[in-house]
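The values are calculated or read from the model by the stated rules, or taken from the named source; none is laboratory data. Keep in mind that this is a model prediction, so the values were computed, not measured. A quick note on method: Cβ atoms are made from the backbone with ideal geometry, for glycine too, and the neighbour counts reach across all protein chains shown. We work out accessible area using only protein heavy atoms, side chains counted, and drop any ligands, DNA or RNA first. Shrake-Rupley method; radii C 1.70, N 1.55, O 1.52, S 1.80 Å.
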Amino acid sequence: MDFGRVVALRDLDVTIGDGVTGLVGANGAGKSTLIKILLGLLRPTSGTAQVLGHDIAAEAPAIRRVVGYMPEHDCLPPDVSASEFVVHMGRMSGLPASAARERAADVLRHVGLAEERYRPMGGYSTGMKQRAKLAQALVHDPRLVFLDEPTNGLDPAARDDMLQLVRRIGHDFGIAVVVTSHLLGELERVSDHVVVLDGGHLLRSSATSDFLEGTGALLVEVLGGHAERDAMGQALAGAGLACRARGAMISLDPPADGVPVHDVVRDTAERLGLGLVRLQADHRRLEDVFSDPAPAKPAALDHAEESR
Ligand SMILES: Nc1ncnc2c1ncn2[C@@H]1O[C@H](COP(=O)(O)OP(=O)(O)O)[C@@H](O)[C@H]1O
Ligand SMILES: [Mg+2]
């Protein structure tokens, strides 16, 4: 896909299945462009694609009937309430008036907009706006939704809520989801499959579990401060695990095959009388995937993010 001299996407060949697919890439990687092409909103310079069996060039209207779209940028008229807006969008997708009202009430409840749905959207917080944008993408009961940066501008708590919602849409409502973010860590938590774009190229497409296996590293956190962290770290090192401090946590290098690392961590915490807060797969930063798309070198952890 070219925009004049800018090549936004190149040689992209990828298949997206059911469940939640995370589309990850730095700003400018081509995520929004890819979504717009798949919706038939942009015509690719070359290449073809199918969405739910429909060709993007020939059958864009048929695609838009069965696909929902939450755009990245604010698209909400400020003088209109979320309730009116979502009903209107339902009507635009061909629902009769009464069905549009019913569906709008349902989806607004699902996304967690309560009484405020009757207020003009101009006065909404970013979190409420993102929820209204999400509701309009779901009103016509699509089989697939594209969610472009739904966590943008949200504080950590609202971010978690939104990610929970994304997961529910994919798993409880049975709607296939393609969700974008520039943060691999947050998409790993909700995606069954992750597609990584870098400068318009496909860098990687794999099941999320393969991603985590590729890292193999674990993060451990115990209750207390640095003293407790260091005691735990020393005990783990004594048990033969390679580890290092990582902010308030301990990062464990991928263990040798057959080492029951989860058991070792639990037993060690118990022996020291320390409360285990966290034992989870390490979330690598996007940059780590970029520099190392193959299974991780332990060195990738040395410059691991301190702020998590
Ligand atoms: N309408 C446009 N005109 C010119 N360049 C564009 C346009 N839309 C996107 N681009 C460029 O294409 C590249 C990919 O953009 P985009 O798909 O928005 O990336 P992302 O959503 O991953 O941040 C960027 O270099 C961007 O500047
Ligand atoms: Mg974008």
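Rounded to the nearest 500, the 222 nm mean residue ellipticity of the chain from helices alone is -11500 deg cm²/dmol, with -39,500 (n - 2.57) taken per DSSP H run of at least 4 residues.
Expressed as a whole percent, how much of the Cα-Cα distance distribution for region 214-283 exceeds 18 Å?
When every Cα pair of region 214-283 is considered, 25 percent fall beyond 18 Å.
Is the shape of region 9-95 best called rounded, prolate or oblate, per the rule: a/c under 1.5 gives rounded, else a/b larger than b/c gives prolate, else oblate, with a ≥ b ≥ c the square roots of the Cα gyration tensor eigenvalues? Prolate shape, in that a/c is at least 1.5 and a/b is the bigger ratio. Ile16 sits with roughly 60 Å² accessible to a 1.4 Å probe, with DNA, RNA and ligands left out of the calculation.
Remark: the Cα gyration tensor places region 20-211 in the oblate category, a/c being 1.5 or greater and a/b not exceeding b/c.
Around the Cα centre of region 214-283, unit charges on the Cβ atoms of Lys, Arg, Asp and Glu (plus for the first two, minus for the last two) sum to a dipole of about 160 debye. Computed about its Cα centre, the charge dipole of region 160-274 is approximately 140 debye, with only Lys, Arg, Asp and Glu carrying charge at their Cβ.
Where does helix 156-171 land angle-wise versus the long Cα axis of the chain, in degrees 0 to 90, nearest 10? Between helix and principal axis, roughly 70 degrees. For Gln164 and Glu84, FRET efficiency with R0 = 22 Å and r from the beta-carbon atoms, rounded to 0.05? In this case the efficiency is close to 0.25.
With the charge dipole of the chain set up from +1 on Lys and Arg Cβ and -1 on Asp and Glu Cβ about the Cα centre, the Cα lying farthest toward the positive end among the listed residues Ala132, Leu154, Ser32 is that of Ala132. How far is helix 261-272 tilted, in degrees, relative to the longest principal axis of the Cα atoms in the chain, given as a value from 0 to 90 rounded to the nearest 10? So the inclination is approximately 60 degrees. Here region 229-250 is scanned for amide nitrogen atoms under 12 Å from the site 7 Å beyond the Cα of Ala256 along Cα-to-Cβ, giving 240-242.
With a cut-off of 16 Å, note down the residues of region 9-49 whose backbone N falls inside the zone around a label point 7 Å from the Cα of Cys75 toward its beta carbon. Those under the cut-off are 31-43.
Residues in the chain average 48 Å² of solvent-accessible surface per residue, probe 1.4 Å, ligands and nucleic acids excluded.
Of the residues Ala281, Ala235, Val195, the one whose Cα sits farthest toward the positive end of the charge dipole of the chain, with +1 on the Cβ of Lys and Arg and -1 on the Cβ of Asp and Glu, is Val195. In the chain, the longest principal axis of the Cα atoms and the axis of helix 226-238 are about 70 degrees apart. Solvent-accessible area of the chain (1.4 angstrom probe, protein heavy atoms only): carbon and sulfur portion equals 50 percent. If the chain linking Ala239 and Arg189 were pulled fully straight, counting 0.36 nm for each residue of separation and taking away their Cα-Cα distance, it would gain 15.1 nm.
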